[in-house]
Structure formats: structure tokens, C-alpha cells
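Below: the structure, in C-alpha cells.
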Amino acid sequence: MDILQAAQNVQKATSEMCLRCHTSTGGGPNHKHGVTPTKDSDVHMAKGMECTACHTVKAHKIAGGADIKAHEVPEVIVACTNCHTAAPHKGSQKTLLNKHGNRIACQTCHIPAIARDPKQPTAIERDWTRPVLIEATGLYGPTNKMANNVMPEYRWWNRMMLVPPEPVGSKNDPKAKIFPWKKTTYTVIGDAATDKAIFIKAGVYAITGDVAAAAKKGAEDAKQSYSGQWKGIKETMSFSLNHQVASKSEALKCADCHGTKGRLDWKALGYEGDPMKKK
Ligand code: HEC
Ligand code: HEC
Ligand code: HEC
Ligand code: HEC
Ligand code: HEC
């Protein structure tokens with residue numbers, strides 16, 4: 001397309017345009033966060049809302065960064081309560097549900113599962129020690145374990161993150177709420193002598209599928225010390241969940257958390273036991 005034609009076609013960014021890049025983070029559709037917003041999986045997208053309805057744009061800069069650090073408009077926080085009130089509930093349970101909002105994020109009850117769209121499973125385990133040839137591209141990638149309807153992990157979060165990404169916060173931290181997370185396990189390439197992860201050369205890995213060669217070239221290029229013997233090392237990363245908001249009828253029910261097989265690990269979250277049963 002020539003410059004004049006491009007200039008004449010300038011328009012507001014649609015969701016389709018944003019998703020040209022954002023659908024494939026992590027190497028494939030919905031692989032990374034597991035909650036890519038689509039019409040089939042998110043009540044807002046189903047109503048025809050665009051990404052930019054929530055991710056407000058200011059001079060080509062896009063608000064909203066969550067757990068990653070590239071905040072372009074740090075003074076704007078993209079939050080559910082930018083449109084809904086902090087007491088959004090109706091009906092007989094409204095007082096109790098609104099009170100739960102003091103310590104529980106909206107996302108926790110309203111994003112009941114990861115990768116709810118059967119057409120777009122997400123990667124829950126990624127193993128770089130086992131390269132596989134991807135037919136569509138003719139390149140090697142890591143072995144992925146894919147899944148749908150994955151139950152999130154629930155952790156306190158005060159909006160600070162560790163590196164590699166893990167949420168910071170606890171029950172005693174007044175700024176923290178319980179948020180849902182997608183935990184992904186990675187087996188990365190490490191130095192057998194030190195048990196430390198090393199850089200691998202992505203191009204060598206993709207073209208040859210030769211782990212030893214990719215490790216040798218990667219450590220060389222990064223000027224890392226390397227014994228020459230590699231081994232798999234396990235790492236985990238946690239990603240926040242903010243999309244694929246389900247219809248209100250699919251929100252978590254009382255028993256999903258307070259039932260005998262409830263999904264919260266009360267002790268791990270800092271409670272002596274289920275706070276409802278004490279009352
Ligand atoms: C050309 C590819 C591309 C397009 C198109 C694109 N993005 Fe991004 N976006 C990126 C990259 C790359 C990052 C940085 C990721 C990181 O730092 O890990 C990013 C970061 C973000 C972030 C988080 C960090 C921040 O800057 O606050 C949000 C939110 C975001 N994009 C939303 C959107 C929306 C909404 C659209 C459509 C209006 C869009 N993006 C279009 C590539 C793209
Ligand atoms: C209904 C509101 C809403 C819509 C619609 C929406 N988002 Fe988000 N998005 C959020 C919220 C809330 C966050 C978390 C922001 C925070 O905590 O700082 C977020 C976070 C993000 C992030 C950061 C990483 C992550 O996943 O947490 C990216 C990238 C992103 N959105 C891209 C998009 C794209 C692309 C679209 C459209 C296809 C879109 N969003 C549509 C509400 C929305
Ligand atoms: C403890 C779980 C829980 C939390 C936390 C929670 N919700 Fe809800 N929400 C529900 C349930 C369950 C329903 C369905 C209730 C019903 O149909 O009577 C619901 C319904 C709704 C509705 C539809 C209201 C209606 O009847 O039309 C909206 C909008 C909503 N929630 C938004 C939010 C927002 C925004 C937050 C955060 C400020 C939030 N919720 C926090 C569980 C929760
Ligand atoms: C840009 C404004 C905006 C933001 C931000 C936003 N919503 Fe909404 N939300 C809406 C609108 C508009 C509707 C549709 C209301 C209607 O049709 O009555 C809606 C509907 C809902 C419903 C009701 C769905 C149903 O079954 O009727 C829930 C639940 C909900 N939102 C939760 C959330 C959560 C959780 C977040 C944060 C991750 C969020 N919303 C962020 C505007 C927003
Ligand atoms: C997402 C999981 C979750 C859901 C769903 C949920 N709760 Fe809770 N509930 C909690 C947590 C966490 C606490 C402790 C909050 C705190 O530390 O203040 C709690 C506290 C309570 C308490 C303790 C007393 C209080 O008010 O402080 C009662 C009673 C209760 N919940 C009843 C209910 C009922 C009834 C429902 C359904 C309408 C419900 N909960 C849904 C997680 C949940």
C-alpha cells in the first residue's frame with residue numbers, strides 16, 4: 001500500500017487490529033494468558049465492545065498493563081469499576097456479594113475458568129527440552145501441554161510483581177485482594193554444572209531443533225559461562241486474568257468457595273479455616 005492510500009485509510013483501531021498481535025502472545029492463539037477476549041468467551045466482546053472501550057487511548061498510547069511492566073499511560077488504571085460501581089450487585093445476595101468485593105477482586109468470581117472457548121485452548125506446561133516440528137511453519141518449538149476450562153489459582157495481589165512474574169501480597173496487606181491467576185510450568189534449558197538457566201539461541205532452536213547447539217550458541221552470544229552440558233530446569237510464571245468475563249449466571253456461587261470441595265485453599269491464603277463456618 002502506498003503512503004497516500006495508507007493515510008487515507010486511517011481509522012480507529014478495532015479489536016481485530018489489536019488481536020493481530022495480542023492473540024498470539026506466547027507463540028499461538030491464547031497460549032499465554034489463556035483469556036484472549038473473543039465474542040464467544042467474553043460478555044463485553046459479545047456485546048460489541050472494542051478493546052479500546054476499556055483500554056482507553058491517549059495520543060496513540062494504550063492504557064492498561066496489569067502484571068506486565070510496559071505501562072504506557074501509568075496514570076490510568078483500567079479497572080472493572082471504571083464502568084461498574086464497587087457495589088454492582090442486585091437481588092437477594094447483593095449485600096453479601098458487595099461486601100465480598102472488599103477482599104476479593106471482581107475477576108475472581110467473574111472469570112470462573114481459563115480458556116473457556118473450546119476453539120482456543122491454552123498452554124499450561126511448556127517443555128523446551130523436547131523440541132517438536134510445527135508443520136504449519138516448518139520450524140521447531142517447545143512441547144506444549146494444552147488445556148481448556150482450567151481452574152485458576154487464587155493468590156493475594158497488591159499490584160506489585162516479582163520477576164519472573166509472581167504476585168505480591170498477603171491477607172494482612174490492606175492493599176491486597178484475592179485475584180485469579182494462570183500458573184504455567186516451564187522446563188527451560190540450564191547448565192548441568194550449576195543448575196542455572198542459560199540463554200538459548202532461538203533461531204538455532206527453531207531451525208534445527210538441536211537443543212545442545214542452541215544452548216552452546218546462546219551462551220556464547222550472551223557471554224555466559226557454560227559447562228557445555230545442558231539439563232532441563234523447572235520454572236513457573238503466573239499471569240493475571242482479566243478477560244473472558246463470563247455471563248452473570250456463570251459467576252462463582254457460594255459453594256464454589258465455601259463448599260466442602262471449595263476451590264480456595266484457606267490455609268495457603270492465610271485463614272485458619274473457612275471464615276463462613278466460624279460465624
Ligand atoms: C503491532 C503489534 C501490536 C498491536 C497492533 C497492538 N499491540 Fe498492544 N502491545 C504490543 C507489544 C509488543 C506490547 C508490549 C508487551 C510487553 O511489554 O510485554 C503491547 C502491550 C500492550 C498492553 C500492555 C502494556 C501497556 O502498554 O500498557 C496493552 C494493554 C495493549 N498492548 C493493548 C493493545 C490494544 C488495546 C491494541 C489495539 C488498540 C493493541 N494493543 C495493539 C503489540 C501490539
Ligand atoms: C471489559 C473491559 C476490557 C476489554 C473489553 C478488554 N480488556 Fe484488556 N484488560 C482489562 C483489564 C481490567 C485489564 C487489567 C488491567 C490492570 O490490572 O492494570 C486488562 C489487561 C490487558 C492486557 C495486559 C495483560 C493481561 O492480559 O492482563 C492486555 C495486553 C490487554 N488487556 C489487551 C486487550 C485486548 C487486545 C483487548 C481486545 C481484544 C482487550 N484487552 C479488551 C479489561 C478489558
Ligand atoms: C464473591 C463473588 C463475586 C464478587 C467478588 C463479585 N461478583 Fe459480581 N456477581 C456475582 C454473582 C454470583 C452474580 C450473579 C448474581 C445474581 O444473578 O443475582 C454477580 C452479578 C454481577 C453483575 C450483574 C448484576 C445484575 O444482576 O445485573 C455485575 C455487573 C457484576 N456482578 C459485576 C461485578 C463487579 C464489577 C465486581 C467487582 C467490583 C463484582 N461483580 C464482584 C459474584 C461476585
Ligand atoms: C468500559 C466499561 C466496562 C468495563 C471496564 C467493564 N465492564 Fe462489565 N459491562 C459493561 C457493559 C456496558 C455491560 C453490559 C451491560 C448490560 O448489557 O446491561 C457489562 C456487563 C457485565 C456483566 C454482566 C454480564 C451479564 O451476564 O449480564 C458482568 C458480570 C461484568 N460486566 C463484569 C465485569 C468485570 C469483571 C470487569 C472487569 C474485568 C468489567 N465488567 C469491566 C461495561 C464494562
Ligand atoms: C471467590 C470465593 C468466594 C465466593 C464465591 C463466596 N465467598 Fe464468602 N468468603 C470468601 C472469602 C475469601 C471470605 C473472607 C473475606 C475476608 O477476609 O474478609 C469470605 C467470607 C464469608 C463470610 C464471613 C463473614 C463475613 O461476612 O465477613 C460469609 C458469611 C460468607 N463469605 C458467605 C458467602 C455466601 C453466602 C456466598 C454466596 C452468596 C459467598 N460467601 C461466596 C470467599 C468467597
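A short reminder: the numbers here are calculations on the coordinates, not readings from a lab. Computed from a predicted model, the values in this text were never measured in an experiment. Cβ coordinates were reconstructed from backbone atoms using ideal geometry, including for glycine residues, and neighbour counts include every protein chain displayed.
Worth pointing out:
- Separation of alpha-carbon centers, the range 115-184 and the range 241-276, rounded to whole Å: 19 Å
- Structure note, pairs LYS177/LYS267; LYS47/LYS94; LYS47/LYS175: Cα-Cα distances above 26 angstrom occur for LYS47/LYS175.
- Here the chain has an Rg and Dmax of 21.6, 70 Å, counting Cα atoms alone.
- Oblate is the label for the range 101-256, because a/c, from the alpha-carbon gyration tensor with a ≥ b ≥ c as root eigenvalues, is 1.5 or above and a/b does not exceed b/c.
- Net charge in the neighbourhood of MET151 (other residues with Cβ under 11 Å of its Cβ; Lys, Arg +1, Asp, Glu -1) is +1.
- Alpha carbon centroid spacing (whole Å) that separates the range 191-236 from the range 1-38: 32 Å
- Cβ-Cβ distance of CYS21 and THR194, R₀ of 25 Å, FRET efficiency by 1/(1 + (r/R0)^6): the value works out to about 0.10.
- Relative packing of peptides 107-116, 190-199, 7-16 - highest average C-beta neighbours within 10 Å first: 107-116, 190-199, 7-16
- Here the extension length gained between MET146 and LYS90 equals 16.4 nm, from 0.36 nm per residue of separation less the Cα-Cα distance.
- If a spin label sat at a point 7 angstrom from the Cα of LYS119 along the line to its beta carbon, the backbone N atoms of the range 2-21 nearer than 18 Å would be those of 15-21.
- Over the chain, relative contact order from alpha-carbon pairs under 8 Å, at least 6 apart, %: 19 percent
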